[in-house]
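Asks: Structure below; questions to follow.
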Amino acid sequence: MREAFTTRYGAAMPAPGVWNETLDLLLAHRSVRHYLPDALPDGALEAAIAAAQSASTSSNLQVWSVIAVEDTGRKARLAALAGGQAHVTRAPLLLVWLADLARLRALSAQQKEPGAGLDYFEAFLLASVDVALAAQNAAIALESLGLGCCYIGGLRNDAAAVSAELALPPETFALFGMTVGVPDPARAVSVKPRLPQQAILFREQYQWREEQQAAIATYNERLRSFQRAQKMTEQDWTGQATKRVRDEKALTGRHTLREFLARVGFKLR
Ligand SMILES: Cc1cc2nc3c(=O)[nH]c(=O)nc-3n(C[C@H](O)[C@H](O)[C@H](O)COP(=O)(O)O)c2cc1C
């Protein structure tokens, strides 16, 4: 029960007075990168997509789509495009989540509506928010069925090649992939600690004070002991995170995304 809270934050943070099984499931999340070769149980995909479609969606516009990729050759090509991520090939299923303005653009044309609202950055943002909410609902649904998932932002490293591989029309964008499969019990993964709530939960107004900085220092320590226990290379979160945003090179090809989006028809006004 509340052990899940302690696993996530460490013993220093008292567990809340309320709890239930949904919280157990949410707090047990970990990215799974090693799978058994087994196919997904029948109906798991459809159940996950129903969960995804049950997420809130801005003005009920539902401007997202998802592509289920099971073909081994296609998964291998996408794995290479994502920077050589072997788990993309290993997983029996790869879901590719799309911000999709194409459907509403086509419907607007059929209705002889100008659809000018789709020309704004807001439309791209809205579609990206909605597809992320949908994908996360799917992830939780899959985890509730005993399956494991891992988001694959690496698909944005070479967005043009990914679009070509998936035959994406203009005004669609593969925001991220998600590998899905039965977790390999021989490669069990531990729950990764997160920043203490003091660092990210503010009351009434934004805060960046000693309390937040101290919480981050505590987290660096906690992450190091997690890494030691996992026999991983020890590295402060602060160091990891700041290196990840250090420069253009660290973006592994994604620094060109704004131009790419313009090329595939997003107006982003
Ligand atoms: C949008 C997004 C993109 C991600 N991209 C990748 C990826 O390309 N490859 C990968 O192995 N993990 C990827 N991850 C997983 C994160 O590395 C992982 O969620 C984070 O390290 C926290 O670990 P946890 O999920 O086990 O708690 C991604 C996560 C998100 C939310």
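The values are calculated or read from the model by the stated rules, or taken from the named source; none is laboratory data. Please read these numbers as outputs of a predicted model, since none were measured by experiment. In this analysis, Cβ positions are derived from the backbone assuming ideal geometry, glycine residues included, and neighbour counts consider all displayed protein chains.
Asks: Could you check, for the range 27-38, whether at least one of its residues is touching a Phe, Trp or Tyr at 6+ places or on another chain (Cβ under 7 Å), within 16 Å of the ligand (Cβ to nearest atom) and of a type in the set (A, V, I, L, M)?
Replies: yes
Okay, residues lined up against (1) closer than 29 Å to residue 123 by Cα; (2) in contact with a Ser or Thr (Cβ under 9 Å, 6 or more places away or on another chain); (3) of a type outside the set (Val, Ile, Thr):
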| residue | (1), (2), (3) |
| --- | --- |
| 30 | no, yes, yes |
| 45 | yes, no, yes |
| 50 | yes, no, yes |
| 56 | yes, no, yes |
| 60 | yes, no, yes |
| 68 | yes, no, yes |
| 72 | no, yes, no |
| 78 | yes, yes, yes |
| 86 | no, no, yes |
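Asks: Give me a count of the residues in the range 252-269 that are assigned to a loop (DSSP other than H, G, I, E, B) and among the hydrophobic types (A, V, I, L, M, F, W, C).
Replies: 3
Asks: Could you list all residues from the range 39-69 that are within 16 Å of the ligand (Cβ to nearest atom) and over 19 Å from residue 128 (Cβ atoms)?
Replies: Filtering the range 39-69 for residues within 16 Å of the ligand (Cβ to nearest atom) gives 52, 55, 64, 66, 69.
Correct list: 69 only.
Asks: So which residues in the range 57-69 are under 16 Å from residue 99 (Cβ atoms) and not in a helix (DSSP H, G or I)?
Replies: Once the filter is applied, which keeps residues that are under 16 Å from residue 99 (Cβ atoms) and not in a helix (DSSP H, G or I), the range 57-69 yields 57, 61, 62, 63, 64, 65, 66, 67.
Asks: Going residue by residue through the range 170-184, is there one that turns out to be crowded, with 17+ Cβ neighbours inside 10 Å, more than 22 Å from residue 75 (Cβ to Cβ) and acidic (Asp, Glu)?
Replies: For the range 170-184, residues crowded, with 17+ Cβ neighbours inside 10 Å, more than 22 Å from residue 75 (Cβ to Cβ) and acidic (Asp, Glu): present.
Asks: Further, regarding this structure: Could you grab me the full set of residues in the range 222-245 that are surrounded by 13 or more Cβ atoms within 10 Å (Cβ to Cβ), closer than 16 Å to residue 11 by Cβ and not basic (Lys, Arg)?
Replies: Once the filter is applied, which keeps residues that are surrounded by 13 or more Cβ atoms within 10 Å (Cβ to Cβ), closer than 16 Å to residue 11 by Cβ and not basic (Lys, Arg), the range 222-245 yields 223, 226.
Asks: Determine whether the range 130-142 contains at least one residue that is touching a Lys or Arg at 6+ places or on another chain (Cβ under 8 Å) and either at pLDDT 95 or above or more than 22 Å from residue 4 (Cβ to Cβ) (or both).
Replies: No, every residue in the range 130-142 fails to be touching a Lys or Arg at 6+ places or on another chain (Cβ under 8 Å) and either at pLDDT 95 or above or more than 22 Å from residue 4 (Cβ to Cβ) (or both).
Asks: How many residues are part of a loop (DSSP other than H, G, I, E, B) and either within 16 Å of the ligand (Cβ to nearest atom) or not charged (D, E, K, R) (or both) if we restrict to the range 1-26? If you could, list the steps in order and put the result at the bottom.
Replies: Going residue by residue through the range 1-26, those that are part of a loop (DSSP other than H, G, I, E, B) are 1-2, 10-20.
Now restrict to residues that are either within 16 Å of the ligand (Cβ to nearest atom) or not charged (D, E, K, R) (or both): 1, 10-20.
Selection size over the range 1-26: 12.
Asks: Identify the single condition in (1) assigned to a helix (DSSP H, G or I); (2) small (Gly, Ala, Ser); (3) without any contact (Cβ under 8 Å) to a residue 12 or more places away in the chain that residue 167 does not satisfy, given that it satisfies every other one.
Replies: Among (1) assigned to a helix (DSSP H, G or I); (2) small (Gly, Ala, Ser); (3) without any contact (Cβ under 8 Å) to a residue 12 or more places away in the chain, residue 167 violates only (1).
Asks: Is there any pair with a first residue in the range 85-114 that is without any contact (Cβ under 8 Å) to a residue 40 or more places away in the chain and under 24 Å from residue 44 (Cα atoms) and a second that is of a type in the set (Val, Ile, Thr) and in a strand (DSSP E or B) whose Cβ atoms are under 6 Å apart and which are 6 or more apart or on different chains, and what are they?
Replies: Pairs that qualify, where the first residue is without any contact (Cβ under 8 Å) to a residue 40 or more places away in the chain and under 24 Å from residue 44 (Cα atoms) and the partner is of a type in the set (Val, Ile, Thr) and in a strand (DSSP E or B): there are none.
Asks: Does residue 39 satisfy the criteria of being surrounded by 11 or more Cβ atoms within 10 Å (Cβ to Cβ) and within 30 Å of residue 108 (Cβ to Cβ)? Spell out the reasoning first.
Replies: Working: surrounded by 11 or more Cβ atoms within 10 Å (Cβ to Cβ): yes; within 30 Å of residue 108 (Cβ to Cβ): no.
The answer is no for residue 39.
Asks: Identify, by number, the condition in (1) closer than 21 Å to residue 182 by Cβ; (2) crowded, with 17+ Cβ neighbours inside 10 Å that residue 81 doesn't meet.
Replies: (1)
Asks: Which condition from (1) among the acidic types (Asp, Glu); (2) surrounded by 18 or more Cβ atoms within 10 Å (Cβ to Cβ); (3) modelled with pLDDT under 95 is the one that residue 100 breaks?
Replies: (3)
Asks: Looking at the range 96-112, which of the residues that are out of contact with any Leu (no Cβ under 8 Å at 6 or more places or on another chain) and not basic (Lys, Arg) is nearest to residue 149 (Cα to Cα)?
Replies: Taking the range 96-112 as the starting set, the residues that turn out to be out of contact with any Leu (no Cβ under 8 Å at 6 or more places or on another chain) are 100, 102-103, 106-107, 109-112.
Restricting the remaining residues to those that are not basic (Lys, Arg) gives 100, 102, 106-107, 109-111.
Numbers: 100: 22, 102: 27, 106: 33, 107: 33, 109: 37, 110: 38, 111: 39 Å.
Within the range 96-112, the match that is nearest to residue 149 (Cα to Cα) is 100.
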